[in-house]
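Pasting a structure here, questions to come.
The values are calculated or read from the model by the stated rules, or taken from the named source; none is laboratory data. All values derive from a computational prediction rather than experimental measurement. Positions of Cβ are backbone-derived with ideal geometry, glycine not excepted, and every protein chain shown enters the neighbour counts. Accessible surface areas use protein heavy atoms only, side chains included; no ligands, DNA or RNA. Shrake-Rupley method; radii C 1.70, N 1.55, O 1.52, S 1.80 Å.
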Amino acid sequence: MLRSALLLVGLLVIGCGKKNRDAEVPAAPPGPRVVAPPPQDSGADNAPGAMRPGEENGEGRGYPNRLLAKFWRAVRDDVVVSAEPFGSTDGERFMVMVWVKNRNKNKPLQFANWTQPGQVTLKDQTGKRYPLVPIPENLEQVMRKSKAPEPNSAYGSGPVTTDLKRFGLLEFDRAALTAEYLDLDLDGAPVGFADPILFRIPKDMMTQPKK
């Protein structure tokens with residue numbers, strides 16, 4: 001009986017001591033929220049149009065982070081997509097040439113091109129959209145028959161192999177040339193991608209319209 005009583009008293013003392021010690025140590029305040037940096041190949045941590053030294057002709061996924069047009073290529077598996085803005089040749093249109101390449105020697109890519117307005121979105125820094133201007137069918141035919149700007153290349157939809165790359169031409173209203181920068185969203189379906197392809201076009205890649 002005496003042993004039981006002593007044991008009970010000892011447990012109570014230990015319990016009180018533990019409670020007091022716990023009360024004396026305040027809980028540590030929560031630390032600052034850690035945000036992971038953007039992927040190294042995205043350019044998302046740069047100002048619009050900026051580029052880190054030594055990153056010319058880089059490669060990235062182009063989704064969900066944007067890639068700098070002209071200098072960066074969107075690469076997924078064996079398919080390579082690049083966007084090359086070349087301003088306006090007549091002062092009436094802003095044009096972007098999109099190149100598609102295939103690194104798979106055994107499997108041709110069936111390129112469908114971006115010809116429908118719903119497949120292309122162009123927005124400026126304010127969110128204003130500039131719709132795709134469809135190329136007339138007669139001009140499409142002329143471009144298919146014309147000499148391509150690069151060797152081993154062809155215009156428009158068709159098979160893309162390691163020996164033959166293809167390009168599409170996107171045209172927009174000249175009003176886009178006044179933007180500080182432009183964000184170009186391409187539907188991934190024409191090249192077999194599940195996700196879109198995102199590029200950013202800085203102002204220094206745009207040719208101002210002729211007066």
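With each pseudo-label sitting 7 Å past Cα toward Cβ, what's the Ala189-Asn106 distance in nm, one decimal?
3.0
In µm²/s, what is D for region 85-211 at 20 °C and 1.002 mPa s, where D = kT/(6 pi eta Rh) by Stokes-Einstein and Rh is the Kirkwood radius from Cα pairs?
In µm²/s, the coefficient is 139.
Roughly to the nearest percent, how much of the accessible area of region 98-207 is carbon and sulfur, given a 1.4 Å probe?
Reported share for carbon and sulfur atoms: 49 percent.
Excluding Asp183 itself, calculate the net charge of residues whose Cβ lies under 15 Å from the Cβ of Asp183, where each Lys or Arg counts +1 and each Asp or Glu counts -1.
Residues near Asp183 contribute +3 overall.
Here is a further query. List the residues of region 113-156 whose backbone N lies under 11 Å from a point placed 7 Å from the Cα of Phe86 along the Cα-to-Cβ direction.
It comes to 148-150, nothing else.
Tally Lys/Arg at +1 and Asp/Glu at -1 over every other residue whose Cβ is under 11 Å from the Cβ of Thr162; what's the total?
Combined, the nearby Lys, Arg, Asp and Glu give +3.
Please work out how much length the chain gains when fully extended from Leu139 to Ser153, using 0.36 nm per residue of separation minus the C-alpha to C-alpha distance, in nm with one decimal.
Full extension of this stretch gives 3.2 nm more.
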